[in-house]
1. Please give the number of the condition E133 fails out of (1) surrounded by fewer than 22 Cβ atoms within 10 Å (Cβ to Cβ); (2) without any contact (Cβ under 8 Å) to a residue 60 or more places away in the chain; (3) in a helix (DSSP H, G or I).
2. Is it true that some residue in the range 184-199 is touching a residue at least 24 places away in the same chain (Cβ under 8 Å), surrounded by fewer than 19 Cβ atoms within 10 Å (Cβ to Cβ) and within 16 Å of E16 (Cα to Cα)?
3. Search the range 67-100 for residues being acidic (D, E) and under 20 Å from L202 (Cα atoms), and hand back the single one that is surrounded by the fewest Cβ atoms within 10 Å (Cβ to Cβ).
4. Take E103 and decide whether it is surrounded by 14 or more Cβ atoms within 10 Å (Cβ to Cβ), among the acidic types (D, E) and out of contact with any Leu (no Cβ under 8 Å at 6 or more places or on another chain).
Amino acid sequence: MRKKLGCLHAHHSNIEYIEQAFQNMEKIELVHFVDPGLIQQVSKGAEELAFKVKEQLEWMESCNIDAILITCTNYIALLEEEQLELSIPIIKIDEPYFETICEENKPQTILFTNPETVEGTMNRLQQYALSHEKSINAEVKVIDNTFELIMQGKKDAYNNAIIQTLHDVAGEQQHISVAQLSMVEAARQFEIESDVTIIHPLKSLVKFVMRSIE
């Protein structure tokens, strides 16, 4: 029997990445929910937004799905699980990503395009490392003036900016990752062009989801 995985996105552009990741998984049916308004409201404070996220997740559960995958790091950072009374698993896209990062003890660089996601993501990474008794040596780099490109639908310009930064960073650092789902396509293209491995949120996601949902 197929499992329904409800995917909560902050931008419609993330849908294709998840569709590609699960394209060969016959046991999974994807149901997408998109709420771009949350990103625009992040600067107004977490308390009201956490309530909005809770309301959204409860609405998704009522749509007869078997699990929820949250693909936006802002959603994840705002999520207050202790206030939720859901009967289905909530899967956070950054957890398998964190697991991979924490396996590396050497210095590494984590790239972002959206500065608004840095604090929440890095706080969660530190908490994950602490709870799993891991030590990480990571430097954060934000690719300035880039995130607005993807929000404007300028995908090629967005990917080119990320690839250029990856070329610059790869000369200085052997262990590199991109923290956002919107950066995955550029990371994959760079890997093909340069034969340099880039960690990204989709690399171990499918296995992680299958473990959680079965």
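Only the coordinates and a few stated rules stand behind these numbers; no lab work does. Since the model is a prediction, treat every value here as computed from it, not as a measurement. Because the Cβ atoms are built from the backbone with ideal geometry, glycine has one as well, and the counts that use them run over all protein chains shown.
1. Of (1) surrounded by fewer than 22 Cβ atoms within 10 Å (Cβ to Cβ); (2) without any contact (Cβ under 8 Å) to a residue 60 or more places away in the chain; (3) in a helix (DSSP H, G or I), only one is false for E133: (3).
2. Looking for residues that are touching a residue at least 24 places away in the same chain (Cβ under 8 Å), surrounded by fewer than 19 Cβ atoms within 10 Å (Cβ to Cβ) and within 16 Å of E16 (Cα to Cα), one finds at least one in the range 184-199, hence yes.
3. This residue is E99.
4. No.
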